[in-house]
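*Asks:* First the structure, which I've put down as structure tokens, then a few questions once you've had a look.
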Amino acid sequence: GRSFRVDVRRGQKTGFYLDQRDARDLVAALARGRRVLDAFAYTGGFAVAALQGGAAQVTLLESSHSALALARAHVAFAGERAECRAVDAFEMLHAGVDDFDLVILDPPPLARRKPDVPRAARAYKDLLLHAFTGAAPGRLVLAFACSHHVGPELFGKIAFGAALDAGRRVSVLRELGAPSDHPVSLDHPEGRYLSGLLLRVDG
């Protein structure tokens with residue numbers, strides 16, 4: 001039920017992230033009446049799903065001007081319910097995002113190699129820390145790591161550390177990964193590269 005333009009020549013990978021289909025369906029189911037922040041929006045896949053689901057307002061953050069141009073086209077149907085900002089999502093989160101009920105954090109790969117893991121873990125923790133800090137109770141945070149070097153166990157520990165540092169009580173409502181058309185071969189466990197958490201700030 002969602003249509004997208006895809007730049008297969010100049011876009012990242014195939015030009016569109018097919019592995020987030022199930023997660024976008026989840027966003028559509030959660031979005032009704034909520035103010036949604038789609039950080040690292042790329043071409044707006046999550047934003048379109050949120051608008052389809054009846055979000056009150058969606059704000060897209062994306063630093064790539066070419067990706068944001070496609071995102072603007074994708075959300076044009078929503079009129080003033082959608083706002084596209086050409087900004088660095090890390091900087092925006094640092095500045096504070098108190099006005100949102102659902103925050104989606106889907107950054108590009110931060111740990112392409114094993115030596116990158118400590119730096120990536122700090123970056124993921126920083127994003128989650130700012131998503132938790134200042135949040136009204138009940139805020140939902142949908143966060144992803146797309147590197148097999150940062151698996152579900154480590155990502156969960158990062159989220160726990162961020163909640164601890166923020167001084168907030170946070171619940172895991174759901175764990176996510178790639179959909180069923182992305183099977184993982186037993187002799188290639190690196191194929192399990194997408195780790196996601198649906199989190200709720202309880203207090």
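*Asks:* Inspect all residues belonging to the stretch 5-16 and state whether any of them is part of a strand (DSSP E or B) and not hydrophobic (A, V, I, L, M, F, W, C).
*Replies:* Checked against the condition, which is being part of a strand (DSSP E or B) and not hydrophobic (A, V, I, L, M, F, W, C), the stretch 5-16 yields no hits at all.
*Asks:* Return the residues of the stretch 17-41 that are part of a loop (DSSP other than H, G, I, E, B) and at pLDDT below 95; say none if nothing qualifies.
*Replies:* TYR17
*Asks:* How do the strands (runs of 3 or more DSSP E) wholly within the stretch 85-203 filter down when requiring 1 or more residues that are open to solvent by 50 Å² or more (accessible area, probe 1.4 Å) and either out of contact with any Gly (no Cβ under 9 Å at 6 or more places or on another chain) or within 22 Å of GLY44 (Cβ to Cβ) (or both): which remain?
*Replies:* Ranges flagged: 170-176.
*Asks:* For the stretch 58-82, which residues satisfy the criterion of being in contact (Cβ under 8 Å) with a residue 12 or more places away in the chain and surrounded by fewer than 19 Cβ atoms within 10 Å (Cβ to Cβ)?
*Replies:* SER63, SER64, HIS65, SER66, ARG72, ALA73, PHE77, ALA78, ARG81
The values are calculated or read from the model by the stated rules, or taken from the named source; none is laboratory data. Everything quoted here is computed from the prediction, not taken from an experiment. Here Cβ is always computed from backbone atoms with ideal geometry, including for glycine, and neighbour counts include all displayed protein chains. Only protein heavy atoms, including side chains, enter the accessible area calculation; ligands, DNA and RNA are left aside. Shrake-Rupley method; radii C 1.70, N 1.55, O 1.52, S 1.80 Å.
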